[in-house]
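A short write-up of the structure that comes next.
The values are calculated or read from the model by the stated rules, or taken from the named source; none is laboratory data. Given the structure is predicted, the values throughout are model-derived calculations rather than measurements. For neighbour counting, all protein chains shown are included, and Cβ atoms are generated from backbone atoms with ideal geometry for every residue, glycine included.
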Amino acid sequence: MLEQKRMIIASNYEFLEFVLSSTKILNKSSEYKYLESWLGNGLLTSTVKRWKKSRKVLTPAFHFSILEEFVSTFETNGKIMIDLLAKEVDKDSVDIYPYVRMCTLDIICGAYIKLIFKKLAKSIKK
């Protein structure tokens with residue numbers, strides 16, 4: 001017999017913010033095990049104990065004011081990936097891994113270049 005699971009699918013921003021910012025709802029669902037072969041045992045797939053420890057170190061790097069600088073990079077590359085995936089909709093199945101991998105790489109490179117230019121601009125002003 002198949003295991004029954006209860007799931008909530010939500011699209012309400014306020015509810016999602018409440019759930020995702022909760023300090024009580026931290027255990028990951030069993031579906032995360034499917035990501036381990038792709039991502040390894042990293043921050044996204046780790047246990048609550050490991051996640052809490054790593055989060056304290058990483059939180060400053062992901063502060064809203066820092067990430068805000070990169071929204072245009074996320075948006076531009078996300079739209080490119082969506083356009084590429086739109087060409088695949090008539091297929092029975094699609095391996096999205098190459099698309100996600102390239103989009104991620106493009107976002108990382110774009111963010112890095114922005115940081116380099118920002119540092120360069122500061123050094124020129126001095």
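Considering every residue within region 55-73, establish whether at least one is touching a Ser or Thr at 6+ places or on another chain (Cβ under 9 Å), closer than 30 Å to residue 26 by Cα, in the same structural domain as residue 39 (by TED's automatic domain parsing) and not acidic (Asp, Glu).
First, the residues of region 55-73 that are touching a Ser or Thr at 6+ places or on another chain (Cβ under 9 Å): none.
The answer is no; no qualifying residue exists.
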- When you go through 82, 96, 8, 108 one by one, which is the residue that is modelled with pLDDT of 85 or more and either of a type in the set (S, T, N, Q) or loosely packed, with under 12 Cβ neighbours inside 10 Å (or both)? 82
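Just to be sure, is residue 36 among the acidic types (Asp, Glu) and at pLDDT below 85? Don't jump to the end; show me each part of the working.
Numbers: among the acidic types (Asp, Glu): yes; at pLDDT below 85: yes.
Yes; evaluated as a whole, the condition is true for this residue.
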